[in-house]
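Structure, as structure tokens:
Nothing in this text is a laboratory measurement; each read-out follows from the coordinates by a stated rule. Everything quoted here is computed from the prediction, not taken from an experiment. A quick note on method: Cβ atoms are made from the backbone with ideal geometry, for glycine too, and the neighbour counts reach across all protein chains shown.
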Amino acid sequence: MKIGKLLRDIHHWASPVIMLPLGVMIIAGLFLMLKKDFDWIQPPTQRSAEVAEGVPDTTLAQLYEAAVAVPELEISAWEEFERIDIRSDRGIAKFIAPNRWEAQIDLVTLDVLSLEYRRSDLFEQIHDGSFFADWVKTFIFLPAGIILLVLWLTGIWLFFEPHIKRWQRSRRRAAKR
């Protein structure tokens, strides 16, 4: 079997196998690309109105108490937070709960500057397949990514093969003259 025919067959039969998972990855990836452009996907990062000279006097315990006081977060213990992101350049701390609510708290005043639902983490889980189940991520999305790599490589070969053959024919003709 010639390499061109084999690669065309691989390209032809692998494409339907990854159609659905790749479509899900692409759509979720588009949302992730736009997460900073649409507040609906990811809340914009606020900025503290208070400018602290040097390091703020606020402790992590005080920040924790301020975050626990926010009922939407549904947090009762420190370990329950999914992520805490301190933005020292903006003077805030982001507390992200497992229920996808995000509270942005001022590092100086301990005021809640923003309380919004954060969808970017959901789109990230959809994008990598972990939203559906860990086995879906490992046994469907990972192989789909590998098959996509194979399709990319075979597509490159199929694109350049006619040009290479044309170039080889012209060299042979020139050598015969």
FRET efficiency for I86 and D39 from the Cβ-Cβ distance with R0 = 22 Å, rounded to 0.05, comes out at 0.55
Quick one: divide the alpha-carbon radius of gyration of the chain by 2.2 N^0.38 Å and tell me what you get.
1.65
Long-range Cα-Cα pairs in segment 32-119 (distance over 19 Å), rounded percent:
36
Residue among H127, H163, H12 with the largest mean-square fluctuation in a Gaussian network model of the chain, springs linking Cα atoms under 10 Å
H163
Arrange the peptides 92-99, 64-71 so that the one whose residues have, on average, the most other Cβ atoms within 10 Å appears first.
92-99, 64-71
Hey, what's the Cα Rg ratio for segment 103-177 versus the globular rule of thumb, 2.2 N^0.38 Å?
2.31
Once the Cα atoms of helix 142-176 and of the chain are each reduced to a long axis, what angle between those two axes, in degrees from 0 to 90 to the nearest 10, is obtained?
40
